[in-house]
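The next block holds one structure in the form of structure tokens; read it before the comments.
Just so it is clear, none of the values below were taken in a lab; they were calculated from the coordinates. If you're wondering where the values come from, they're calculated on a predicted model, not measured in any experiment. Because the Cβ atoms are built from the backbone with ideal geometry, glycine has one as well, and the counts that use them run over all protein chains shown.
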Amino acid sequence: MSSPRIEHTLDKMRRDWDERARENARFYVNTEKTDWTDDEFFASGRRTVAEEILTDMTNICQGKDPKQMRVLEIGCGAGRVTRALADLFGEVHAVDVSGEMVACAQEALRDLPHAHVYQNNGMDLSVVPIGEFDFAFSTIVFQHIPSRAVIENYIREVNRLLRPGALFKFQVQGDPSIESEPDDTWLGVPFSEQQARDTAEACGFEPRYMHGAGQQYFWLWFFKK
């Protein structure tokens, strides 16, 4: 059972992201522009996949055909990266804490029957259908979460759903100068290299690679033991 403090944080995350989605969903998903066209927005998602996934297929696929892989995305927002993932992989399941964002993502993915989006509570994956996943991914999501306990619970839940040996590749805030307030759902809690290693071990992962320690985009490669 979550503590009252965590429940408060999750509620604040949901309300804040619903409000951001109503104001300008695509801007808050990717703040490069305020007036994204469909083509531009989804092209930015394809760039993310080109940079973070297509360059790393050996670790991600481990010899499997991408079209035979079942993939999980944490924090899908308006479906920017989800759509690009669905172009590459055979089955994609994605979650977001915001019902408003989920509605945007479902609209963006309506022509892709193998891509599925669910609203979750912001820290567990009980809404995701039972079944093993071959890969999990998250970018520009955990950097907004102000609670390390919430992030760790997410990581534990990803471990529960991945097949043994599979990779969870994700990004956290690595800038130690960030002073995250308990109610700030924009500037999330930062992780040091040691905190990342400790989290991996506590959640059943091997932290095989890290990149960008000390920076906003601190990438972690956690392989399920």
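A few remarks follow.
- The protection proxy used here, the mean number of other Cβ atoms lying within 10 Å of each residue, ranks peptides 42-49, 23-30, 61-68 as follows, highest first: 23-30, 42-49, 61-68.
- 29 Å Cα-Cα reach of Lys64 towards lysines, excluding residues that sit fewer than 8 places from it in its own chain: Lys169, Lys224, Lys225
- When peptides 186-195, 97-106 are ranked by their average number of other Cβ atoms within 10 Å per residue, the highest-first order is 97-106, 186-195.
- Fraction of beta bridges assigned by DSSP in the chain that are antiparallel (%, nearest 5): 40 percent
- For the stretch 111-225, alpha-carbon Rg over 2.2 N^0.38 Å: 1.05
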